[in-house]
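Working notes for the structure below.
Taken together, the values in this text are just the output of simple stated rules run on the coordinates, not laboratory data. What you are looking at is a predicted structure, and each value in this text was computed from that prediction instead of being measured. Using ideal geometry, Cβ is built from the backbone for each residue, glycine included, and neighbour counts are taken over all protein chains shown.
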Amino acid sequence: MKGRIAALVMSALLVFYIAVIGWRAVLFLGSGTPVGIVIGIALLVLPLIGIWALVRELQFGARSERLVKLLDEQGALPIEQLPIRASGRPVRDAADAEFPTFQAEVDAAPESWQAWFRLGLAYDASGDRRRARRAIRTAIGLEHAERTAA
């Protein structure tokens, strides 16, 4: 729940920032000077990139959350029995020791979105966020394909 609140707060701040920058862009465009127009165009492009990134992140979060619920309903979420630091994150060495189990599961069933999602959770526990996101995106794509094929 804290993650969802943080995402909403950050989204609201980004929308406010985009609105302020957008207004400044309009002012620069209205200046009529070549430099002002170029700055105004640049200030319009940057918020568009920000909006695109925000939408993608919110979609990723919603889709990931949906897969967590599906795995939970199936009783297929991995049971987290890793020792935890004071920060709440798992001890990396313990997470790394369990990682081969999840990798082997994906190797055995590369079309299984459940296996890919659990691998993503294992990457996250090991501290490798880039690979975790990639594995979870793969899981999202496989689940979507499975759902649309049915």
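Annotations
- Calculated mean residue ellipticity at 222 nm for the chain: -28500 deg cm²/dmol, from DSSP H runs with n ≥ 4 weighted as -39500 (n - 2.57), summed, divided by the residue count and rounded to 500.
- Listed candidates [x] 1.15; [y] 1.41; [z] 1.02 - label of the one calculated as Cα Rg over 2.2 N^0.38 Å: [y]
- Residues Arg92, Arg85, arranged from fewest to most other Cβ atoms within 10 angstrom of their Cβ, appear as Arg85, Arg92.
- Anisotropy class of segment 92-149 from Cα gyration tensor, a/c 1.5 cut: oblate
- Net charge of neighbours whose Cβ lies under 15 Å from the Cβ of Arg130, counting Lys and Arg as +1 and Asp and Glu as -1: +2
- Residue order, fewest to most beta carbons within 10 Å, for Lys2, Lys69: Lys2, Lys69
- Kyte-Doolittle mean at least -0.5, axial Cα span of 18 Å or more - DSSP H helices of the chain: 2-30, 34-74, 113-126
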